1. Are there any pairs, at least 6 apart or on different chains, whose C-beta atoms fall under 6 Å, with the first in the stretch 183-212 and acidic (Asp, Glu) and the second in a strand (DSSP E or B), and if so, which?
2. Is it true that Ala129 is outside any helix (DSSP H, G or I) and over 30 Å from Leu15 (Cβ atoms)?
3. Condition check: touching a residue at least 24 places away in the same chain (Cβ under 8 Å) and assigned to a helix (DSSP H, G or I). Does Arg228 satisfy that?
4. Among the residues of the stretch 132-156 satisfying the criterion of being buried (at least 17 other Cβ atoms within 10 Å of the Cβ) and part of a loop (DSSP other than H, G, I, E, B), which is farthest from the chain's Cα centre (by Cα)?
5. Of all strands (runs of 3 or more DSSP E) completely enclosed by the stretch 1-120, which ones contain at least 3 residues that are crowded, with 21+ Cβ neighbours inside 10 Å and within 16 Å of ligand 2 (Cβ to nearest atom)?
6. Does Leu203 qualify as being closer than 19 Å to Ala9 by Cα and either assigned by TED's automatic domain parsing to the domain that holds Arg81 or modelled with pLDDT under 95 (or both)?
Amino acid sequence: MTTVIGVPAVRVRGLSHRYRGDGGPLLALAGVELEVGAGEFVALVGPSGCGKSTLLRVVAGLLEVSGGAVDVLAGSATAARAGHRVGLVTQEPGLLPWRTVAGNIALPLEVTGARADVDALLARVGIAAFARYHPHELSGGMRQRVALARALAHGPRLLLMDEPFGSLDEFAREAMGRELLRIWERDRVSVLFVTHSIREAVLLADRVLVMSAAPGRIVAELPVHLPRPRPRALDETPEFAALLHRVREALGGAP
Ligand SMILES: Nc1ncnc2c1ncn2[C@@H]1O[C@H](COP(=O)(O)OP(=O)(O)OP(=O)(O)O)[C@@H](O)[C@H]1O
Ligand SMILES: [Mg+2]
């Protein structure tokens, strides 16, 4: 595994997680080792049910681990969460239907009493004109933009994204990916990005981590040495195709 220089944003050692499910205990994660460097963009891929969302929830401080060590922004995951230094975006935008776009973004700020420029946040994700709309008046891609703006409201140092663009069509997905890269390049946040799309992983990330089937652990790590900012026709290059192939192979070989 790559050793990240400086204090990493995420450092996971020997992590295991066991759910006490209705059907009996289930070992979801076993021996996960992972690091996300400060300012690094890391993508995580793996078969369905291998524990990707579980891992993200642990790092987000939403789930207590059964074993191992998890450091987030040089402290515990719960402390990072309590300090609002971690932003989480999931596949479902989870917006309050009775609140406007601006109202949804303002909500976490109202809760903490923090100040942030909601209009500027909306502009950053490209939906400045929709502040007064309600979620049902937006497209799926626009709702995900709202979710992203909400995650950025407290100026997080770490962005955790769980298939954030999974429900979008290819076109919207690419546009959102480019938007995200712009935000990441400007703010230099660290990103841990779960996706089902190998293509998306290679297009966005500095490093792609591959997880095994459940109980999940990291079985391969592929550095993505492609230029930044990522050019538009990047996916037509032989380098891109070669990387895609390597990730696919690592996934295929995942035990
Ligand atoms: N709250 C829960 N209680 C019990 N078991 C759970 C719970 N959440 C997830 N699991 C189990 O843990 C395993 C890993 O689930 P998880 O959602 O982390 O997988 P995933 O890699 O995100 O899958 P997908 O790619 O389909 O989103 C699965 O077997 C799932 O059934
Ligand atoms: Mg999941």
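1. Correct list of pairs: Asp206/Phe41.
2. On the way: outside any helix (DSSP H, G or I): no; over 30 Å from Leu15 (Cβ atoms): yes.
Taking the combined requirement at face value, the residue does not satisfy it.
3. Details: touching a residue at least 24 places away in the same chain (Cβ under 8 Å): yes; assigned to a helix (DSSP H, G or I): no.
The answer is no for Arg228.
4. Quick first cut of the stretch 132-156, residues buried (at least 17 other Cβ atoms within 10 Å of the Cβ) only: 135, 138, 141-154, 156.
Now restrict to residues that are part of a loop (DSSP other than H, G, I, E, B): 138, 153-154, 156.
On the way: Leu138: 22, Ala153: 16, His154: 16, Pro156: 12 Å.
Only one residue fits best here, namely Leu138.
5. Values: elements: 10-21, 24-36, 41-45, 67-72, 86-89.
Per the criteria, 24-36, 41-45.
6. Details: closer than 19 Å to Ala9 by Cα: no; either assigned by TED's automatic domain parsing to the domain that holds Arg81 or modelled with pLDDT under 95 (or both): yes.
Spelling it out, it is not the case that Leu203 is closer than 19 Å to Ala9 by Cα and either assigned by TED's automatic domain parsing to the domain that holds Arg81 or modelled with pLDDT under 95 (or both).
The values are calculated or read from the model by the stated rules, or taken from the named source; none is laboratory data. Values in this document were obtained by computation on a predicted structure and should not be read as measured data. Cβ coordinates were reconstructed from backbone atoms using ideal geometry, including for glycine residues, and neighbour counts include every protein chain displayed.
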